[in-house]
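Everything on this sheet refers to the single structure shown next.
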Amino acid sequence: MKWRAVGPADRQLAALWSFVAVAVLAAVPLASLWAPQLPACAFRAVTGVACPSCGATRAVEVLADGDLLTAFSLNPLVVTGLLAFVTGGLFAPIWNRRVGRLPDLRGIVSIRVGLAAALLSNWVYVWLRGV
Amino acid sequence: MNDQSLPQLPFEDPAQPAVAGLIATVKLFVTDPTTAFRRMSLTTEIFRPLIYGVLLAWVGEAVAYLFGLIFQVSIFGFLSQIGGMEEAIPAAFLGMGLGIFALIIAPVFIVIGIFIYSLIVHLFLMMVGGDQSGFGATFRVLCYSNTSQLAQVVPIAGGIIAFVWSLILGIIGLTEAHRTTTGKAVAAVLLPIVACCVCMAIFVMLAIAFGISADSWN
């Protein structure tokens, strides 16, 4: 994997990521307030099949109560993504300052395959489990 | 700059007055989005595209709110002629207040929305092998795609027009900024809607279509 030096725009993006991560972190405990406003899954209503993000709202609601395992069982990809996003956002500015380099992820086939596999396997899981 | 032979976008040019630069950039994205995205910088500070995106999205929301308000006032006026609406007046004012409060804090949610949407689109772009210029390029493209929010000035259908226009701008922008194929850009923009965020996309479309104050008189 190639590495490149952190530029000014990377620092700004990292700062923005931190801000958004903190905002998401602040929104999770309020899940019981905003979650009921979301509509039921239209994809499921039309096709009868769960969409890849089915169970995400309930997972966040459960996560707000601190039940990580149940949240993970409802939608593993969304919960993993959410945790990775918040953790990454909180550490991005520190990484930029301490390490000063960023991995160049462009054109890496294993990342493409990994993303597609994660999305598809999560969809199959959610579908079969009947979340 | 994406294309070194072209001048930079007026809004990204520090020598240009901010308002004149903003208007010139809006005109460019409306009339010739391909050239506009070619002129977009991939290296300068990200806050200019962000300010542009937030500003236009906010104007769009404000216009949608205004249309919603006009519509609700008309309905309320009609119903009050029938009578028995007196007890609904305090709730109506409360709803209006909440709508205005939502408009005031909207820029924060717009920033969060642009960032998370950019991240999702970029992951799909990586998945289809179209990422040539990094996350920053995707973020800039989706900030400038908010030019589409100007379509909110069209009553009733403005939200839907803005949504479709933003997808088109996103596809053009990703093609230019990442120097990738149109097919990969289409996949990156449409796959999150089709496969991943169906529910959220429909909810956002409905929210835009009916304005942010749809339930403010309830």
(message) Tell me the residue from B:Leu98, B:Leu56, B:Leu50 that is within 14 Å of chain A (Cβ to nearest Cβ), surrounded by 12 or more Cβ atoms within 10 Å (Cβ to Cβ) and at pLDDT 95 or above, please.
(response) B:Leu50
(message) When you scan segment A:47-54, do you find a residue that is within 9 Å of another protein chain (Cβ to nearest Cβ), part of a loop (DSSP other than H, G, I, E, B), at pLDDT below 90 and farther than 22 Å from B:Leu123 by Cβ, even just one?
(response) no
(message) Condition (residue is surrounded by 12 or more Cβ atoms within 10 Å (Cβ to Cβ), out of contact with any Pro (no Cβ under 6 Å at 6 or more places or on another chain) and within 11 Å of chain B (Cβ to nearest Cβ)) applied to segment A:62-74: is it met by at least one residue?
(response) no
(request) Name the residue, out of B:Gly95, B:Gly170, B:Gly99, that is under 18 Å from B:Val26 (Cα atoms) and part of a helix (DSSP H, G or I). (result) B:Gly170
(message) If I filter segment B:78-86 for residues that are more than 12 Å from chain A (Cβ to nearest Cβ) and closer than 30 Å to A:Leu102 by Cβ, do I get at least one hit?
(response) no
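Yes or no, residue by residue, for (1) among the hydrophobic types (A, V, I, L, M, F, W, C); (2) surrounded by 18 or more Cβ atoms within 10 Å (Cβ to Cβ):
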| residue | (1), (2) |
| --- | --- |
| B:Leu6 | yes, no |
| B:Phe11 | yes, yes |
| B:Pro14 | no, no |
| B:Ile23 | yes, no |
| B:Leu28 | yes, yes |
| B:Pro33 | no, yes |
| B:Phe37 | yes, yes |
| B:Thr43 | no, no |
| B:Ile46 | yes, yes |
(message) Quick test for you: out of A:Gly88, A:Gly81, A:Gly55, pick the one residue that is without any contact (Cβ under 8 Å) to a residue 12 or more places away in the chain and within 15 Å of the chain's Cα centre (by Cα).
(response) A:Gly81
(request) Name every residue in segment A:19-42 that is facing chain B (nearest Cβ under 7 Å), over 15 Å from A:Leu82 (Cβ atoms) and assigned to a helix (DSSP H, G or I), in order of residue number. (result) A:Ala42
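The values are calculated or read from the model by the stated rules, or taken from the named source; none is laboratory data. Keep in mind the model is a prediction, meaning the values are calculated, not measured. Using ideal geometry, Cβ is built from the backbone for each residue, glycine included, and neighbour counts are taken over all protein chains shown.
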